[in-house]
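Asks: Here you go, one structure.
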Amino acid sequence: MLLLCCPLLLLLLPLSSRPQKLPTRDEELFQMQIRDKAFFHDSSVIPDGAEISSYLFRDTPKRYFFVVEEDNTPLAVTVTPCDAPLEWKLSVQELPEEASGEGSGEPEPLEQQKQQITNEEGTELFSYKGNDVEYFVSSSSPSGLYQLDLLSTEKDTHFKVYATTTPESDQPYPELPYDPRIDVTSLGRTTVTLAWKPSPTASLLKQPIQYCIVINKEHNFKSLCAVEAKLSSDDAFMMAPKPGLDFSPFDFAHFGFPSDNNSGKERGFLKSSSKFGRQTSSKPRVDLHKVCVGSKNIFTVSDLKPDTQYYFDMFAVNTNTNMSTAYVGTFARTKEEAKQKTVELKDGKVTDVFIKRKGAKFLRFAPVSSHQKVTFSVHSCLDAVQIQVRRDGKLLLSQNVEGVRQFQLRGKAKAKYLIRLKGSKKGASMLKILATTRPNKQSFPSLPEDTRIKAFDKLRTCSSVTVAWLGTQERNKFCIYRREVDDNYNEEQKKREQNQCLGPDTRKKSEKVLCKYFHSQNIQKAVTTETIRGLQPGKSYLLDVYVIGHGGHSVKYQSKLVKTRKFC
């Protein structure tokens, strides 16, 4: 399909007896037009020395033109596929004769010149099929009208074209070093360090070059254009290109626009009343990341997943021209997670566990005898932790635990349980865990939902404070302790001391107020009060209540900061 229409002929075939020629960089007209990029987007003319970006519909060929005016002219043409393989061919044909044989000096009629071009078959110079960035380079090309034909048989796609008759002086693409490979210099569980040799365009020609690294899990990329296509919301067109920016006016009909002579027909996938755009099915976003690191020649990629293969690509970008060249990509697999020791849990015995920030610990429970039920009791001392329980590989439980929680699961003969405990993102985690097949064995005391201590302001005196807390239906022992603190003691300091697993045995005997047993069958009335006497006027005290279970393990309620009256 030849896309030579009147706007193009005004460029290709001016009514003149001189040979036909396109704008070149030696003409004022071209200098004016190259500043307006939209001029070339709306044309099938390839400018000399400037890269153009365009698109192809699947199975819809496109043709571009440019003129070489003199014989023995150097020529370079670069075609960059973006997100699909391309078929492209470069051919040349002679320019039309100057005038008619009678030598009248009158130019040939426009239609006759058009027939001269369109009826002649050009000589093929080069052809290619694939998704590599491919070049045609010739140090001595004949004069003539050059045609570049492009076709995408796979899908709609973007591409870029660059042509020049001065390849030696232009050099818009950064040059690759003699060894264009990316080296993996260091490999960790979550990091990979890459190194590469600088582009001679930067080191020798002193042009501004920056390096951009692309990381993904699927494959290497052959051009930055292909990366940008993947980074977009969808690798199909979501909206119709805007006139003057993305496509030639000859393609209006393909988007459902009527042409000037109303000969254009709507494509089957568009409705005249619908929004412009191709109907596409949504696709998941590719896990793809691009980071530009300036002029560095070494970079460490972090936050990777252990035991995962990643592909790394490097692109040298000329910041003056915004044109890029790809290094030879590489790939690497991060190291496996360090195998952690699995702690064996014994039936009915409490185990203390410490987990680093964002870390995890694995525990194993293998009951000796057959069992109908298994109970896991977890006491998180600080922040919430996550517990996962698998029985013979099957996930049975996944919960966040704060304070004391108990989980009862159905048992199975000869079953083995794997427990995974994941720590907090805020800091290190401490907890106690107990696994048992004997439901009556409860090492941790039961707790109410609300473990706050309430102070009664109206009952506060210069030497005493009155407080209350909730209990449960289970008879437990409660011990209350007091500690004098400075007046500047604040909530942040109190929070740091909120380790619920520290029991009364860590306290001084002088801080103990009293211990008592308490419970209520009516949960609504399970409240107890206590007046703490012998305090100093105007002083601050930190109060703690511990509940101690039958197995001797204790849980601390939330600490309460109180202050006696200064004047009574």
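The values are calculated or read from the model by the stated rules, or taken from the named source; none is laboratory data. Since the structure is predicted, the reported quantities are computational estimates derived from the model, not experimental observations. So basically every Cβ, Gly included, is an ideal-geometry build from the backbone, and we count neighbours across all protein chains shown. Accessible surface areas use protein heavy atoms only, side chains included; no ligands, DNA or RNA. Shrake-Rupley method; radii C 1.70, N 1.55, O 1.52, S 1.80 Å.
Asks: For the range 374-456, what is the relative contact order in percent, using Cα pairs closer than 8 Å and at least 6 residues apart in sequence?
Replies: Reported as a whole number, the value is 40 percent.
Asks: Any idea which of Gln524, Ile453, Val562 is furthest toward the positive side of the dipole for the range 453-563, if Lys and Arg beta-carbons carry +1 and Asp and Glu beta-carbons -1?
Replies: Gln524
Asks: Give the calculated FRET efficiency between Arg390 and Thr308 to the nearest 0.05, with a Förster radius of 22 Å applied to their Cβ-Cβ distance.
Replies: That pair, Arg390 with Thr308, gives E of 0.45.
Asks: Quick one: length gained pulling Cys515 to Ser232 fully straight, 0.36 nm per residue minus the C-alpha distance?
Replies: 95.2 nm
Asks: Shifting gears a bit: In the range 166-234, if the dipole is taken from +1 on Lys/Arg beta carbons and -1 on Asp/Glu beta carbons about the Cα centre, which of Thr191, Val227, Gln171 is farthest to the positive end?
Replies: Thr191
Asks: Next question, about the same structure. With every protein chain kept in place and ligands, DNA and RNA left out, what is the accessible area per residue of the range 453-563? Probe 1.4 Å, answer in Å².
Replies: 56
Asks: Can you tell me the accessible area per residue over the range 343-436, all protein chains present, probe 1.4 angstrom, in square angstrom?
Replies: 54
Asks: If you don't mind, there's one more thing I want to ask. What shape does the range 175-234 have by the C-alpha gyration tensor, where a ≥ b ≥ c are the square roots of the eigenvalues, rounded means a/c under 1.5, and otherwise prolate means a/b greater than b/c and oblate the rest?
Replies: oblate
Asks: Excluding Pro198 itself, calculate the net charge of residues whose Cβ lies under 15 Å from the Cβ of Pro198, where each Lys or Arg counts +1 and each Asp or Glu counts -1.
Replies: With Lys, Arg at +1 and Asp, Glu at -1, the net is +1.
Asks: Where does the charge balance sit around Arg364 when Lys and Arg score +1, Asp and Glu -1, over other residues with C-beta under 13 Å from its C-beta?
Replies: +4
Asks: Right, something else. Any of Lys222/Lys335; Lys305/Lys339; Lys349/Lys432 with alpha carbons more than 18 Å apart? Name them for me.
Replies: In this structure, Lys222/Lys335 lie more than 18 Å apart at Cα.
Asks: For the range 343-436, with the dipole built from +1 on Lys and Arg beta-carbon atoms and -1 on Asp and Glu ones, taken about the Cα centre, which of Pro367, Leu431, Tyr417 lies farthest toward the positive end?
Replies: Tyr417
Asks: Let a ≥ b ≥ c be the square roots of the eigenvalues of the Cα gyration tensor of the range 130-191; is it rounded (a/c under 1.5), or, if not, prolate (a/b larger than b/c) or oblate?
Replies: Verdict is oblate for the range 130-191.
Asks: I've got another one for you. So, with +1 on the Cβ of K and R and -1 on the Cβ of D and E, and no other charges, what is the size of the charge dipole of the range 453-563 about its Cα centre, to the nearest 20 debye?
Replies: Here the size comes out at about 280 debye.
Asks: Still on this model: In the structure shown, do any of Lys508/Lys563; Lys197/Lys217; Lys341/Lys560; Lys361/Lys512 have a Cα-Cα gap over 30 Å, and if so which?
Replies: Lys341/Lys560; Lys361/Lys512
Asks: May I pose another question? Based on the alpha-carbon gyration tensor of the range 343-436 and its eigenvalue square roots a ≥ b ≥ c, which shape applies: rounded if a/c is under 1.5, prolate if not and a/b is larger than b/c, or oblate?
Replies: Prolate, because a/c is 1.5 or more and a/b exceeds b/c.
Asks: Same structure, new question: Report the net charge of residues surrounding Asn297, where surrounding means a beta-carbon distance below 12 angstrom and charges are Lys +1, Arg +1, Asp -1, Glu -1.
Replies: So the surrounding residues net to +1.
Asks: Oh, and also: By how many nm would the segment from Arg189 to Arg357 lengthen if fully extended, with 0.36 nm per residue of separation less the alpha-carbon distance?
Replies: Stretched fully, the Arg189-Arg357 segment lengthens by 58.8 nm.
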